[in-house]
Each structure stands twice: as structure tokens, then as C-alpha cells.
Ligand code: CA
């Protein structure tokens, strides 16, 4: 902001702003143009090319494609980690999750207050609630199962879904009362859902159920003229691979039954996104609703995750659990008709961190004073008011695996635990072969850049890894039985890269 030369004029402007603030009731409807409704749609493990707007011909997603067509498609949109938990922790705080030790998927122990996003962080839901928004999470949480870390203690007025990292899609399989009744990891896939304070049986195919709840919330808030934040976190198309005949019938052209099911799961999400967009149109609020669509990590294309290889991340290399582009570069689109012209591609690197940065800035609420946010406001870049890369460098740390990576413009730095190599993403987006490096100091300098960043992060993960709760028989069940970072604390075996 340029300060007026006339100091008394500046004081006058400041005074008027303060007076206006004082006259605004705490929960008055903020101006729809400056305080848009916000919808954050996240899918789980959807591959880069498994969406129509990134060129899939096998899996049609006409509704999801509307978001990109009527908004902006990010061709180089990155998440902060190649599996669910850490990726979502970065997304929802706007800060690299390694700053607070969220370097792995938590083990789900509801007695352990360390196993999630610490209360010292402000999540986007908390920021928006602070700004007077009505907030709801529909779907998957995964940001902590301890009572203090659950959605309604993290800025969400309402919550319908499940707190762990995955869930069965079939009502008939959900016969466990609660997470606390788990006897072994992944029992929680069979829990009843949580509807605010109640545990409920759901009746439809889970994805349909989540879509219905999302539409109901939007409809109710629009009718009440309340600005809202909807975090619609589908667990599809994450395993278990389950779909209904309605969606499977759309993919008879896909012969592999597992990929066909995965495609059907995405198609069910697409129908839900269509219902949501239609509701915004019906209520006349589409113009002033800012929507983001992302997948939380790349699709599964390698047995390294212990899951079925079903996704297409083409033309990128690798997938979920890896720091190659296929693991961290995801379908990413944004729509805000009031502010942004549609039909644009944005080709510079952006991060899911920037979703927080954009929301904090565009709503005018702002992050907590003095708080460093790693995400930036993308709108000035999308409108051409700012040039250059919004994120001059992006960083990834996989603590347990000893791997890390950076993207600096078109350069990719990848350290595999033994050595660092460089890729030129402009000429070699598939990372097929390392760049020849003539300047021997380049890798060294990039290594130093990473070291500088890493020096700002937590020294080690803040909680034990997935697979350490519930305890095996004969082991103590109290929290801390597998303390994070202690010598001998083993990194998660490959299967536990889920979810
Ligand atoms: Ca995921």
C-alpha cells in the first residue's frame, strides 16, 4: 500500500477504517465481493491425468472440469507431501507441515494429543471462523483424533464424516461403533460416521452421502445469507476400491477391473461436484464463491505404497509416496467468477500452501499477527498484477525415508537418500534423465538452499508413525509407547504409507 504524502490525510483514512470496523457487528454478513464463500474440494489419491481437464480420455469428469474451464487450471500445482496426512496439514495451515513435525501419517491413537496438527497452529477453518464465516467439514479429517484436535475444536462449526485417514464406502461394512474400538490398524475404516456430536449409520454409497451433506450445507447457508466455508474432503478414490453399478457401468471401456472401479469412484465424485455447482447456480451465489479443487497427492502407480496401482499420472514420473512429479503434482483448479476470468491456464509452480495464503489475503482476515505463512496470495499473479513465480522455491522433506526435493522455477532438485540429481522440468517434465551438470557448484548451492530451509523446520517428527496403534498384544497401550524420534523408533514399513 502506498502511504499518502499528506500525513493528516493518512490519519483520516485510518480513522475512517477504524470507525467502520467498530460499527460492524461481529457476525454481520461481510461484503460478498470481498468476503466470498469458500469451498475447498479435495480428492484422495487422484492421479494427475485422471481428470478431464488434464487430458484424461478414459475418465470423463465434466463437472470437475467446469471449475477449471470457468476458472483457472494450474498445470504445475503441487502438494507439500506425497501422502495424505502431511499434505493436508500443509494445505490447512498454509505452512510447511515440517515446521510442526507433521512429517508422517499419524497412528490414529485418540489418547495421544501429539498425533495431529498442534493447537499452536491456526488452521484455515479457524481463521475463517475468526472472520465470521460458518464452517463445515464434510468427509475425511486425518488431522488428529485426540478430542482436542477434532474438527469441531479446530474451527469447524459442523462436521459430518470420519476423523481417520480412510473409510469403507459401504454402509453394510460399517459395524464398528468408534475409532476407540479399533483392535488393529485400519479397523477404523469400518466405524460409524460422526455427525457433529452423534455417531450415525450412513445409508448410501459414501461418496453420495458426502455430496448430499455438502449440498445441504450450502443450501442452508445460502438461504440464511451467511458466508460459509465448506471443506469437502472426499476419501475417493482412495482404497478400498469400492464402487456401485451405477458408476461402474460408465467404464466398460476400461478392462482392468481395479482401474475401472477407481474410475467409477472418481465419477461419483464428479456427480457430487456437479450437484454442488448446480446448487450454487440455483441460489445465485456462484459469482461470489471461491472454489478450489485439488487431489491431496498423486495417484498410486507403484507397489511401494502397498496399494493397488490404478492411477494415471502421465506424463509425470512416479506417484503416491514419491517425490517425483507424479507424487506431488496434482490436478489443481480454482474458480472465482467475480474476480477471475475463466478459461485460463497458469503454468508457473504454485502450492496448496497458497490456498491458505489466498484465502487469508482475499477475505481480508489475515493470518495471526506475526505469524509466518508459507503460502502466498495467488490472485495478483493470476490477474497479471504481479509477475515472477509466486513460489520462487518449493521444498519437500520425507523425514523417515531420508529423501528431499525442491522445485526452483523449472529446475527440480531430487535427493534420493544417497545423492542429488537435477531435472529440467521444462524440457523433461517426465524426469526421464538427470540433467548433465557442468557447474559443479550448482548442486552444492542448491543443497545449501535446502539446508537453510530445513534448518527452520522441526528437527524430527512430532508423533509416532502409522502402524504403532493399536498396540500389538502384549505391548503397553498408553500413548508414547512408541515415542517419535527416539532411537529405535522405526519408520513406517511401506504398507503404512497408506493412506
Ligand atoms: Ca491421499
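Worth a mention:
- Relative contact order of the stretch 394-454, taken over Cα pairs closer than 8 Å and 6 or more residues apart, is 21 percent.
- Chain lengthening between residue 170 and residue 372 when straightened (0.36 nm per residue, less Cα-Cα): 68.5 nm
- Protection proxy ranking of 343-355, 237-249, 89-101 - average other beta-carbon atoms within 10 Å, highest first: 89-101, 343-355, 237-249
- Fraction of antiparallel bridges per DSSP, the chain only, in percent to nearest 5: 50
- Ellipticity at 222 nm from helices only: DSSP H runs of n ≥ 4 in the chain, each -39500 (n - 2.57), divided by the residue count, give -7500 deg cm²/dmol.
- Sorted by Cβ density within 10 Å, fewest first, the residues 67, 365: 365, 67
- Fully extended contour minus Cα-Cα distance, from residue 253 to residue 386, at 0.36 nm per residue: 43.4 nm
- Ranked 295, 219, 427, criterion: other C-beta atoms within 10 Å, fewest first: 427, 219, 295
- Highest average packing first - 106-112, 358-364, 451-457, 55-61, Cβ atoms within 10 Å: 106-112, 358-364, 55-61, 451-457
- By the equivalent-ellipsoid construction on the alpha carbon gyration tensor, the chain comes out with semi-axes of 32, 29, 25 Å, ordered largest to smallest.
- Here the spin labels are modelled as points 7 Å beyond Cα on the Cα-Cβ line, and at residue 198 and residue 153 they lie 2.3 nm apart.
- Relative contact order of the chain, pairs being alpha-carbon contacts under 8 Å that are 6 or more residues apart, as %: 24
- Taking packing as the residue-averaged number of other Cβ atoms within 10 angstrom, the listed peptides 119-131, 328-340, 196-208 run from highest to lowest as 328-340, 119-131, 196-208.
Rule-based calculations on the coordinates, nothing more; no lab input. Please read these numbers as outputs of a predicted model, since none were measured by experiment. In this analysis, Cβ positions are derived from the backbone assuming ideal geometry, glycine residues included, and neighbour counts consider all displayed protein chains.
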